[in-house]
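The structure under discussion appears below in the form of structure tokens.
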Amino acid sequence: MATKGADTRARILDAAHAMILEQGYAGLSIDGLIGSVGLTKGAFFHHFKNKQALARSLIRRHADESVALLQTHVARAEKLSSDPLQRLLIFVGLYEEMFEDLDEPFPGCLFASYIYELGQFDADTTKVTTEEFVLSRQEISRMLAAVEATYPPSVPIDRNALADAFQAIFEGAFILSKALREPQLIAAQLRMYKTCLEAIYSQR
């Protein structure tokens, strides 16, 4: 059971997350944040030394959640199929399912929000974002290597570039979905990624 202090900290982080996606980190004010949560400044500074400490804790939480989700989907795909190509397609499909039933455009990605404002953050904070993208590249590249051992690509590919396309699709789709007001766009882009993978590793 979460303690009252842990609950308050989580509320602050949740509110900060939403506000940064809406107005950017530079636009986030401590006064506005504590007002939205209904806290005093003393309560805020009990949990976070300053705005930078808040930013660091927020991106670390987001990174930990993202890594846990990636590992869960990898494990699920490996359990569902012994075929390396099918495992990769299932892995992408699990993310696709997460965005299939959106009624509104997804609010965005905290990693992207931080990257847009890199000058606002210290090195420790920006390092967290880099580590998550590198881990994603490594994990998907590992899966691609397993696929290629059984299904040689039909065209020359750069394995890291193909792995990076997974994250690139997410970040681009978040922007397009909001700009075009099309909630289903993210899932559609992930389906297209699966189609590209099937074409690249097709044995026909």
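The values are calculated or read from the model by the stated rules, or taken from the named source; none is laboratory data. In this text the structure is predicted, and so the values were computed from the model without any measurement. Note that we place each Cβ from the backbone using ideal geometry, even for glycine, and neighbour counts take in every protein chain shown. These accessible areas exclude ligands, DNA and RNA; they are computed on the full protein's heavy atoms, side chains included. Shrake-Rupley method; radii C 1.70, N 1.55, O 1.52, S 1.80 Å.
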Some residue of the range 154-168 being among the acidic types (Asp, Glu) and over 25 Å from Tyr114 (Cα atoms): yes
Residue within the range 92-104 that is among the acidic types (Asp, Glu), surrounded by 14 or more Cβ atoms within 10 Å (Cβ to Cβ) and more than 18 Å from the chain's Cα centre (by Cα) present: no
Counted residues, the range 118-128 - those being farther than 19 Å from Val67 by Cβ and open to solvent by less than 40 Å² (accessible area, probe 1.4 Å): 1
Residue list for the range 46-55, restricted to those being under 28 Å from the mean Cα position of the chain (by Cα) and in a helix (DSSP H, G or I): His47, Lys51, Gln52, Ala53, Leu54, Ala55
The range 72-105: number of residues that are among the hydrophobic types (A, V, I, L, M, F, W, C) and outside any helix (DSSP H, G or I): 2
Subset of the range 1-17 [closer than 18 Å to Leu110 by Cβ, open to solvent by 50 Å² or more (accessible area, probe 1.4 Å) and either modelled with pLDDT of 95 or more or among the acidic types (Asp, Glu) (or both)]: Asp14
Failed condition for Gly108, given (1) part of a helix (DSSP H, G or I); (2) under 22 Å from Met19 (Cβ atoms); (3) open to solvent by less than 20 Å² (accessible area, probe 1.4 Å): (1)
Considering residues of the range 181-193 that are open to solvent by 40 Å² or more (accessible area, probe 1.4 Å) and either in contact (Cβ under 8 Å) with a residue 60 or more places away in the chain or in contact with a Gly (Cβ under 6 Å, 6 or more places away or on another chain) (or both) only, the residue nearest to Glu100 (Cα to Cα): Gln184
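Filter the range 69-87 for residues that are of a type in the set (Gly, Ala, Ser) and surrounded by 14 or more Cβ atoms within 10 Å (Cβ to Cβ) and give the result. Steps first, please.
Keep residues of the range 69-87 that are of a type in the set (Gly, Ala, Ser), which gives 75, 77, 81-82.
Those that are of a type in the set (Gly, Ala, Ser) and surrounded by 14 or more Cβ atoms within 10 Å (Cβ to Cβ): Ala77, Ser81.
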Residue match in the range 182-196 (condition: aromatic (Phe, Trp, Tyr) and part of a helix (DSSP H, G or I)): yes
Residue among Arg137, Arg142 that alone is assigned to a helix (DSSP H, G or I), closer than 17 Å to Gly172 by Cα, at pLDDT 95 or above and open to solvent by 80 Å² or more (accessible area, probe 1.4 Å): Arg137
Count of the range 145-169 residues which are in a loop (DSSP other than H, G, I, E, B) and surrounded by 16 or more Cβ atoms within 10 Å (Cβ to Cβ): 2
Filtered residues of the range 22-56 (kept if buried (at least 17 other Cβ atoms within 10 Å of the Cβ) and within 26 Å of Ile175 (Cβ to Cβ)): Tyr25, Leu28, Leu33, Leu54, Ala55, Arg56
Flag for Ser202 being in contact (Cβ under 8 Å) with a residue 24 or more places away in the chain, within 21 Å of Ser82 (Cα to Cα) and part of a loop (DSSP other than H, G, I, E, B): yes
